[in-house]
Every structure is written in C-alpha cells, then in structure tokens.
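To keep things clear, I will list the structure first and then write my remarks on it.
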C-alpha cells in the first residue's frame with residue numbers, strides 16, 4: 001500500500017471513530033434515508049457495494065470510480081398519500097483528475113390545512129426538502145477506490161426553513177476474478193446551519209457495509225448490506241439486525257428480475273405478530289435502445305406500498 005493510500009484510509013478510520021458512536025435514531029432530514037432508485041429499492045437498498053449505476057452516489061461515492069462512460073439517471077417515487085420524490089444523478093470522468101458526479105434528491109410532502117390555536121382554518125401550507133450533492137472518486141490502488149460527497153440540504157415547512165451541510169465518505173474494493181465487490185460508507189456526517197426554531201437537530205448518520213457476488217454458473221448477482229452500524233443497541237449482535245438482501249436475476253441481455261428483503265423495515269412495520277409483506281421488494285429492469293428502464297415495488301405491510309420508476313443511460 002502506497003503512502004497516498006495509507007493517508008486516505010487513516011483519515012477514513014478516524015472519521016469512523018469520531019462519528020461511529022453518535023446516536024442517530026432521533027434526527028431530522030429523514031428523507032435522506034429513502035431509496036429513490038427503482039433498482040436499489042427493488043434490492044431493498046443493498047447498494048453499498050454497487051459499481052455499475054450512477055445512483056451509487058447516494059449510497060457510496062467510491063463506487064463511481066468503476067463506471068465507464070458518462071452516465072445519468074432520473075428516478076420518480078410515488079410515496080404514500082400525496083408525497084412524491086424525485087432524484088437526478090450524473091457522473092463523468094475527468095482525465096488526470098478522477099471521477100466526478102452531481103446529484104439532487106427532492107421530496108414534496110404535499111399541501112396541508114393551516115389552522116390557528118382554536119382550530120379555525122386560516123389557509124394552507126406546503127412542505128418540501130432537497131439535497132444537492134457533489135461527488136469525487138479516485139483509485140487508491142489496483143481495484144480499490146475511495147469517494148467523497150459534499151452535501152447541502154434544504155428544508156421548508158410552511159414559513160420555517162432549515163439548512164445543513166454534510167459529507168459522505170466511502171471505500172470500494174473489487175475482486176474481478178471472483179466477481180465480488182465490497183463497499184463501506186459513512187453517510188450524512190454534518191450538522192444544521194440553520195434550524196426551524198432554536199434547537200438544532202442531528203442528521204441521519206448511517207454507517208454501512210455491503211458485499212455483492214455475481215455467481216459464476218448462474219445468471220444472478222446477490223447482495224448483502226448492513227446499515228445503521230452506528231446505532232446504539234442492547235447487545236453487539238443487535239447492531240447487525242438492520243440488514244438487507246438483494247438478488248438480481250439476468251433473464252436475458254435485455255430483462256432483469258429483482259427481489260429484496262429489508263429486515264429492519266419488516267420489524268418496524270409489524271403490527272402485533274404480523275408484518276404481512278412489509279420489507280419485501282420486487283422489481284424489473286429492461287434495456288431498450290441504450291436506455292435502462294427500472295421499476296421497483298416496495299411493500300409497507302398494512303400501511304400500503306411504494307412504486308418507483310427510473311431511467312438511466314450512458315453518453
């Protein structure tokens with residue numbers, strides 16, 4: 001390992017030590033945790049070790065380094081009630097500089113009725129949030145890359161505004177001969193610049209690790225992610241309860257079928273002893289005339305379901 005690699009990995013580990021013990025269960029800007037990519041959502045968010053999709057910028061910026069030509073992706077999410085989300089990501093390679101990317105994540109919560117302290121309706125108000133990211137990735141050595149995002153977050157609820165600045169850091173290691181990829185990321189490290197009132201809230205910190213494997217004799221790629229590794233738990237092994245599994249079945253060069261399972265989501269959405277189909281995700285991808293169209297379906301059990309569509313292409 002060269003000197004440059006040692007310095008960057010050391011800085012990465014220091015960041016982990018400094019922020020790994022933060023208690024992130026109570027935070028604002030929770031929309032940052034939502035999966036917008038239809039492909040990633042169909043895999044239950046198992047995307048930390050991905051390296052062939054521009055939407056990896058939202059999960060691990062180090063994965064950008066392994067992309068080839070300039071790529072762009074657009075996603076739209078029809079959430080519950082009148083909540084809608086959208087994202088746009090673009091990445092390209094700058095010779096002698098590295099891989100760069102830019103992305104936007106936006107959520108609109110719809111319109112609400114405004115009332116005074118006596119319950120009298122006096123009008124309506126809206127609420128929305130967005131995050132703007134600038135990413136950079138480069139190689140540390142053969143098959144290993146690092147990445148970092150700078151992130152600006154804006155939130156508005158009626159006449160109240162909040163802003164924040166954050167960064168993401170990540171590492172990606174690939175073993176091409178065995179078709180295995182590893183990813184490690186620390187997401188949403190930062191703080192509010194301005195708060196809604198006088199109290200500043202924490203950002204939704206997430207420490208995640210993932211591994212994916214393309215099977216040698218089967219047309220399938222399996223993924224396993226562990227999220228919220230920073231979350232305080234009663235026992236050590238409970239730290240790994242927030243995991244997700246994903247499988248991509250390559251039916252042909254054109255069609256891909258996807259399945260996912262999110263253990264934490266299934267546990268959180270259980271009603272009594274039954275969780276229904278909560279935590280189960282399905283999806284389909286199709287490559288048509290150079291464009292990849294993806295659809296993702298996520299069950300929230302008795303609460304309802306979420307539908308996502310994404311379109312991506314290379315230039």
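The values are calculated or read from the model by the stated rules, or taken from the named source; none is laboratory data. The structure displayed is predicted, hence computed values, not measured ones. Backbone-built Cβ (ideal geometry, glycine too); neighbour counts: all protein chains shown.
Return the residue satisfying two criteria in turn: it lies in the range 59-80 and is assigned to a strand (DSSP E or B) and either touching a helix residue (DSSP H, G or I) at 6+ places or on another chain (Cβ under 7 Å) or free of Cβ contacts under 8 Å to residues at least 60 places away in the same chain (or both), and of such residues it is surrounded by the fewest Cβ atoms within 10 Å (Cβ to Cβ).
72
Scan the range 304-315 residue by residue and report those that are within 11 Å of residue 79 (Cα to Cα) and loosely packed, with under 14 Cβ neighbours inside 10 Å.
304
Give me a count of the residues in the range 216-240 that are exposed (fewer than 15 other Cβ atoms within 10 Å of the Cβ) and touching a helix residue (DSSP H, G or I) at 6+ places or on another chain (Cβ under 8 Å).
Going through the range 216-240 one residue at a time, the tally reaches 1.
In the range 96-107, is there at least one residue being in contact with a strand residue (DSSP E or B) (Cβ under 9 Å, 6 or more places away or on another chain), within 16 Å of residue 160 (Cα to Cα) and surrounded by fewer than 17 Cβ atoms within 10 Å (Cβ to Cβ)?
No, the range 96-107 contains no residue that is in contact with a strand residue (DSSP E or B) (Cβ under 9 Å, 6 or more places away or on another chain), within 16 Å of residue 160 (Cα to Cα) and surrounded by fewer than 17 Cβ atoms within 10 Å (Cβ to Cβ).
Report whether or not residue 56 is closer than 23 Å to residue 245 by Cβ and free of Cβ contacts under 8 Å to residues at least 12 places away in the same chain.
Yes.
Conditions tested, residue by residue: (1) out of contact with any helix residue (DSSP H, G or I) (no Cβ under 6 Å at 6 or more places or on another chain); (2) within 14 Å of residue 44 (Cα to Cα); (3) part of a helix (DSSP H, G or I).
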site	(1), (2), (3)
246	yes, yes, no
260	no, yes, no
266	yes, yes, yes
278	no, yes, no
281	no, yes, no
295	no, yes, no
313	yes, no, no
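May I ask you to say which residue of 294, 268 is over 22 Å from residue 216 (Cα atoms) and within 18 Å of the chain's Cα centre (by Cα)?
294
Of the residues 89, 41, only one is in a strand (DSSP E or B), in contact (Cβ under 8 Å) with a residue 12 or more places away in the chain and either within 20 Å of the chain's Cα centre (by Cα) or closer than 26 Å to residue 205 by Cβ (or both); which?
Exactly one of 89, 41 is in a strand (DSSP E or B), in contact (Cβ under 8 Å) with a residue 12 or more places away in the chain and either within 20 Å of the chain's Cα centre (by Cα) or closer than 26 Å to residue 205 by Cβ (or both), namely 89.
Would you be able to say whether some residue in the range 27-42 is within 19 Å of residue 239 (Cα to Cα) and at pLDDT below 85?
Yes: the range 27-42 contains one or more residues that are within 19 Å of residue 239 (Cα to Cα) and at pLDDT below 85.
Pairs please, first residue from the range 109-120 and at positive phi and touching a residue at least 12 places away in the same chain (Cβ under 8 Å), second anywhere and surrounded by 11 or more Cβ atoms within 10 Å (Cβ to Cβ) and not in a strand (DSSP E or B), Cβ atoms under 9 Å, 6+ apart in sequence or on different chains.
Hits for this filter: 110/82; 110/83.
Quick one: what pairs do we get from the range 288-315, first residue free of Cβ contacts under 8 Å to residues at least 12 places away in the same chain, second exposed (fewer than 14 other Cβ atoms within 10 Å of the Cβ), C-beta under 9 Å, 6+ apart or different chains?
305/80
Quick test for you: out of 299, 244, pick the one residue that is crowded, with 16+ Cβ neighbours inside 10 Å, under 22 Å from the mean Cα position of the chain (by Cα) and modelled with pLDDT of 95 or more.
When all the criteria are applied, what remains is 244.
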